[in-house]
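Chemist: Got a structure here, written out as structure tokens. Questions coming.
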Amino acid sequence: MLTVVGRDGSPLAEAARTALESAALVIGAARLLDALPLPPDAKTIATDDAVGALRGVDVTDQDVVLVVDGDPGHFGVLRPLLEDGQGPETFPAAPLVARAFAQAGLPWDDALVVSARDGHLRQAVNACRAHPKVAVLTGPGAGPAELARALFPVTPRSFVVCEDLDGPGERVVYVRPAEATTRPWNEPDVVLVLDNRRALGEPCWIAGAAPGPAGWALPADAFGDGAGPRPEVRAFVLAKLGPRVGDMVWDVESGDGSVGVECARFGAAVVAVDRDYATCERIRENVRVHGVKVAMASGDVRSTADHLPRPDAVFLGPGVAGAAAARVCAALGPSRLVAVAPGDGEAGEVLDVLAEGGFTAAAVRLQATPLDGPPEEPVLVVWGERGVPQAGRRPSRTGRPIDTTPALPAEPDEPAEPDEPAEADEQDEPGESN
């Protein structure tokens, strides 16, 4: 059989010890195989790719044990094992993230946990930009130095770098990002990226990042003088931008930063760009009022784009130089781009730019009519998507018949009873959960 044993520096549980004492083959990182209670004839394979080493091994006629760090079900080997058709017995240890926050002396129920491994460094960095308490699981090319170079100096954070937790080479180091870029690191396990002003956090009913906003497309007066898109337009823009945790969104000249603020409330990292000094100050005030994280860049997006973090989604307000700004932003590879066009001609130009850039593009004329006032002027919104998975269509009922259960036959010794109304299922009384 196959068993997965997690280690965290504490004594092994009795069941894990028993599995190791009867193992014919044990696979794991070299540092995790030290001092294990193995039988004399057990074979060991020291590797950092335990799942790969297991492929081709017959676990039906021998006892095989994978030894891993921490909890194999938390960013660990359990998922790929199940995908390979394995069904191991598992004895987890404390997750790396739990041990890292214990070293830092902080609660972690409100921490966002992300992995920078396997090409996800950029998304992890965006999560650190937007959230005050993030645990980043590191890997080759995605460690403290790479995180720090991406965050410094725009995003002030402190790092807690944890190397070989509970192992012989354990080291826990508190550094600023500037220092993290130059220090040598010895295969760190996890980096805690903290905004010290909000690192304690607040109690909540859900683990991880706080729930999304209770409402969106906030009223115009939530942003001062209402110089930005009207709420009805903003709702449509947000639907097409699709801001998510791990995304970088640019709000380019929305007029009041309202689009960027709303995207930040969804957990995305945001940069607001505007050429007007007074508008920049208005945006900063709106950011403070709503208690979100939005970086501010002053200047024309056409000249500042190369100095900003690469966007996943871009909003272009009506004050931007239409097709020229859309072309600059589209060339940076965002998945979604939304623009408010001042007229039909500009909308057509932006549509052409998006089509040339490989976007699936469309445009709509939006008009809201208040019940207690005259209709608003229509607004032209152009949007494009590129590389965004499309939702599948609902299956046809004719293509897949609905299964039905035939009625039970009457007992042969008794006549069938006439049909009676079914009684409603009993339900628990509503109440509060603890």
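Chemist: Kindly evaluate residue 376 against the criterion of being more than 20 Å from residue 250 (Cβ to Cβ) and of a type outside the set (Phe, Trp, Tyr).
Modeler: yes
Chemist: Moving to a separate point now. Take the residues of the range 235-249 that are assigned to a helix (DSSP H, G or I) and either open to solvent by less than 30 Å² (accessible area, probe 1.4 Å) or of a type in the set (A, V, I, L, M) (or both): which is nearest to residue 384 (Cα to Cα)?
Modeler: Among those residues, the one meeting the criterion is 241.
Chemist: Sticking with this structure for a sec: Out of the range 333-385, which residues are polar (S, T, N, Q) and at pLDDT 95 or above?
Modeler: 335, 360
Chemist: Hey, can you tell me all the residues within the range 16-45 that are touching a helix residue (DSSP H, G or I) at 6+ places or on another chain (Cβ under 8 Å) and among the β-branched types (Val, Ile, Thr)?
Modeler: If the condition is that a residue be touching a helix residue (DSSP H, G or I) at 6+ places or on another chain (Cβ under 8 Å) and among the β-branched types (Val, Ile, Thr), then 26, 27, 45 are the ones that fit.
Chemist: Follow-up. Which condition from (1) touching a residue at least 60 places away in the same chain (Cβ under 8 Å); (2) more than 30 Å from residue 367 (Cβ to Cβ) is the one that residue 229 breaks?
Modeler: Status for residue 229: all satisfied but (2).
Chemist: While we're here: Sort through 239, 323 and tell me the only one that's hydrophobic (A, V, I, L, M, F, W, C) and touching a residue at least 12 places away in the same chain (Cβ under 8 Å).
Modeler: It is 323.
Chemist: Are any residues in the range 108-140 open to solvent by less than 20 Å² (accessible area, probe 1.4 Å) and basic (Lys, Arg), and if so, which ones?
Modeler: Within the range 108-140, just 133 meets the criteria.
Chemist: Moving on to the next point. How about the range 368-377: which of its residues are exposed (fewer than 12 other Cβ atoms within 10 Å of the Cβ) and either under 18 Å from residue 238 (Cα atoms) or hydrophobic (A, V, I, L, M, F, W, C) (or both)?
Modeler: If the condition is that a residue be exposed (fewer than 12 other Cβ atoms within 10 Å of the Cβ) and either under 18 Å from residue 238 (Cα atoms) or hydrophobic (A, V, I, L, M, F, W, C) (or both), then 371 is the only one that fits.
Chemist: So in the range 1-24, with the set limited to residues that are assigned to a loop (DSSP other than H, G, I, E, B) and under 23 Å from residue 53 (Cβ atoms), which one is nearest to the chain's Cα centre (by Cα)?
Modeler: 8
Chemist: While we're here: Across the range 331-360, what is the number of residues that are under 26 Å from the mean Cα position of the chain (by Cα) and open to solvent by 40 Å² or more (accessible area, probe 1.4 Å)?
Modeler: Residues that pass the stated criteria total 4.
Chemist: Working carefully through the options 327, 310, find the one that is of a type in the set (D, E, K, R), closer than 23 Å to residue 124 by Cα and either assigned by the TED database to the domain that holds residue 271 or open to solvent by 10 Å² or more (accessible area, probe 1.4 Å) (or both).
Modeler: Residue meeting the stated conditions: 310.
Chemist: Scan the range 326-347 residue by residue and report those that are farther than 22 Å from residue 303 by Cβ, in contact (Cβ under 8 Å) with a residue 12 or more places away in the chain and not in a loop (DSSP other than H, G, I, E, B).
Modeler: Residues satisfying the conditions are 336, 344, 347.
Chemist: Applying the selection to the range 141-155, what residues are closer than 16 Å to residue 308 by Cα and open to solvent by 10 Å² or more (accessible area, probe 1.4 Å)?
Modeler: 149, 150, 152, 153, 154
Chemist: Residue 9 passes all but one of (1) at positive phi; (2) open to solvent by less than 30 Å² (accessible area, probe 1.4 Å); which number fails?
Modeler: (2)
Chemist: What residue, of 166, 195, is among the charged types (D, E, K, R), in contact with a strand residue (DSSP E or B) (Cβ under 9 Å, 6 or more places away or on another chain) and at pLDDT 90 or above?
Modeler: The match here is 195.
Chemist: Go through 165, 192 for me and flag whichever is among the aliphatic types (A, V, I, L, M), in contact (Cβ under 8 Å) with a residue 40 or more places away in the chain, part of a strand (DSSP E or B) and surrounded by 13 or more Cβ atoms within 10 Å (Cβ to Cβ).
Modeler: 192
Chemist: Restricting to the range 199-215, what's the tally of residues that are open to solvent by 40 Å² or more (accessible area, probe 1.4 Å) and either over 20 Å from the mean Cα position of the chain (by Cα) or in the same structural domain as residue 370 (by the TED database) (or both)?
Modeler: Qualifying residue count, the range 199-215: 3.
Chemist: Applying the selection to the range 325-350, what residues are farther than 28 Å from residue 220 by Cα and of a type in the set (A, V, I, L, M)?
Modeler: The answer is 328, 330, 331, 332.
Chemist: Report, ordered by the first and then the second residue, all pairs with beta carbons closer than 7 Å, sequence separation of six or more or different chains, a first member in the range 177-189 that is in contact (Cβ under 8 Å) with a residue 24 or more places away in the chain, and a second member that is basic (Lys, Arg) and open to solvent by 80 Å² or more (accessible area, probe 1.4 Å).
Modeler: So the pair list comes out as 181/149.
The values are calculated or read from the model by the stated rules, or taken from the named source; none is laboratory data. This structure is a prediction, so every number in the text was calculated from the model and none was measured. Counting neighbours? That spans all protein chains shown, and the Cβs are built from the backbone with ideal geometry, glycine included. Remember, those area values only see protein heavy atoms, side chains included, never the ligands or the DNA or RNA. Shrake-Rupley method; radii C 1.70, N 1.55, O 1.52, S 1.80 Å.
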